[in-house]
1. Quick check: anything in region A:128-150 out of contact with any helix residue (DSSP H, G or I) (no Cβ under 8 Å at 6 or more places or on another chain), farther than 28 Å from residue A:82 by Cα, more than 14 Å from chain B (Cβ to nearest Cβ) and at pLDDT below 85?
2. Select from region B:344-358 the residues that are touching a strand residue (DSSP E or B) at 6+ places or on another chain (Cβ under 6 Å) and without any contact (Cβ under 8 Å) to a residue 60 or more places away in the chain and list them in ascending order.
3. Which residues, taken from region B:63-75, are exposed (fewer than 14 other Cβ atoms within 10 Å of the Cβ) and either within 30 Å of residue A:145 (Cα to Cα) or away from chain A (no Cβ under 14 Å) (or both)?
4. Could we say that residue B:181 is touching a residue at least 60 places away in the same chain (Cβ under 8 Å) and in contact with a strand residue (DSSP E or B) (Cβ under 6 Å, 6 or more places away or on another chain) here?
5. It is to be established whether one or more residues within region B:265-278 are touching a strand residue (DSSP E or B) at 6+ places or on another chain (Cβ under 9 Å), outside the structural domain of residue B:477 (by TED's automatic domain parsing), exposed (fewer than 11 other Cβ atoms within 10 Å of the Cβ) and at pLDDT below 85.
6. What is the residue count in region A:26-53 for residues that are at pLDDT 80 or above, facing chain B (nearest Cβ under 8 Å) and assigned to a strand (DSSP E or B)?
7. Modelled with pLDDT of 80 or more, assigned to a loop (DSSP other than H, G, I, E, B) and surrounded by 13 or more Cβ atoms within 10 Å (Cβ to Cβ): which single residue out of B:165, B:144 fits that description?
8. Pairs please, first residue from region B:403-422 and free of Cβ contacts under 8 Å to residues at least 60 places away in the same chain, second anywhere and in a loop (DSSP other than H, G, I, E, B) and surrounded by 13 or more Cβ atoms within 10 Å (Cβ to Cβ), Cβ atoms under 8 Å, 6+ apart in sequence or on different chains.
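The values are calculated or read from the model by the stated rules, or taken from the named source; none is laboratory data. Quick caveat: nothing in here was measured; it's all calculated off a predicted structure. Note that each Cβ is placed from the backbone with ideal geometry, even for glycine, and that neighbours are counted across all protein chains shown.
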């Protein structure tokens, strides 16, 4: 009785962290993340807004890369984690398949890398233009943290335990 | 826990509340608290962001004038918004500018706001928008009134709006035969002093005249009277004659943009109200330039207007015997009821000449008629001044009456009557029952004599002003009364 309880606890944790990440995701993506002030001009953009701007300017490749790796895949990973931690509703085979998928997605989900990119930009450009982070940064950092916690808490053994 | 494992008795069929153990443990994790916090943070960030982003408005213009995205919307010299994007409108006959207001300026997007693109303008009396000659263009706003309804689509103006006249200014229109070089914004001058300006010059409705809408500054509105004359002083007048070349121009601005000069006759008519129409002459008649009206204007009046004595008419009637007949005689001037119940007036107003028949005198004022027994004359000044010399005979008398004075008569506070004329002359106002007839006299027009102040002959004081109270412009106290005798005008006590 002890072992399944452990699994269940890990699943509870995973679900909690993953749902927290999902709640934070819209704020991270939609709200302005960067506020740039250059020569008196004030400009602010969100991640999604930046991607749309790239599309509008015709940089389809970069736009798609950023869209896929920092929005679609991270979201898919979190959703997959939630699905896996939702034990009762899934068949074992389905779960195994989802797990493998998630493992693959996880490698390509670059949300944390993007955070690093922002940090590099802040250090490099701070002399040229004045810019500060918008409210989305808090959501973004928390979202990355939460999805990491969810991934750490997840115990793959649970998949092969019969509920 | 829920299921009894060993029971000595056969199980009694009791309804057991069976909770799903998986679900309950699933939610047992304390990490769910964190989830809740994250949800709150997410909502909080959305709320915060909404508070900090201004509303988006669109303004339609006919012409872009080189406006670019990220150009500013400014008000009073600071940025209150930025252009986000500019696009052609669907009909291709104009542009649509999307402007993001700063959060604090949200109330600017309301009905009645006017927008225009500021661009360099070189006009004669002013150079406007010079900052846009080299720098970026910007949109300026004339803000809506405070309680206007919110709105997000606007139609912009082609050029800066006509500056609306200040509150309380007098708007008049002048009809002229031709434009004669008048420009919007040209000054209106009184003795070469700017008292207002032309708001707009346009053709009259029926195109028979040119109409100039003018705004007179609030402090000078009392200079414009019913009988004022206006003439065009546009441009320069070059006179070439035997005496040589004569160039006549006042200021450079007036030389270039034209101007209107005005004069008010020495006997000013009542003030006019907004909308009054005057004719604009081409040139002044000779005597207009010699008019010397004394009018109260500006701050002196606004300070004292609510605070002027209200003189009322008073008449002294008596009977005389001439050629064997009884004839009725009367003498009328003004008096000033005081708060202590007494009445101030010229002393001649209370005493009938010696030729009057006994018991025939009567004083009438404010609808009250008093026989000699009903009023008591008392002198205003102290006993000391009375016996000093025969010269200083009291010109102003004070009388009290036992008869009730009607309550609707305004009374002047008794403590605001000076005991005597001030030692030095000062600017004075002659109070009148009709506020527009108040006359101001500059101290320079007064001459102090041993007993009274003489008013310069140039100052026109109507014969009817005899007996009116005079108020000092400095202390706003009643200092004396007007006495007009044989053409000599004096302020007496």
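1. yes
2. Residues satisfying the conditions are B:347, B:350, B:352, B:355, B:356, B:357.
3. Of everything in region B:63-75, those that are exposed (fewer than 14 other Cβ atoms within 10 Å of the Cβ) and either within 30 Å of residue A:145 (Cα to Cα) or away from chain A (no Cβ under 14 Å) (or both) turn out to be B:63, B:66.
4. no
5. Checking region B:265-278: at least one residue is touching a strand residue (DSSP E or B) at 6+ places or on another chain (Cβ under 9 Å), outside the structural domain of residue B:477 (by TED's automatic domain parsing), exposed (fewer than 11 other Cβ atoms within 10 Å of the Cβ) and at pLDDT below 85.
6. Residues flagged as at pLDDT 80 or above, facing chain B (nearest Cβ under 8 Å) and assigned to a strand (DSSP E or B) within region A:26-53 amount to 1.
7. B:144 is the lone residue from the list that is modelled with pLDDT of 80 or more, assigned to a loop (DSSP other than H, G, I, E, B) and surrounded by 13 or more Cβ atoms within 10 Å (Cβ to Cβ).
8. Going by the 8 Å Cβ cut-off, the qualifying pairs are B:406/B:366; B:419/B:380; B:419/B:381.
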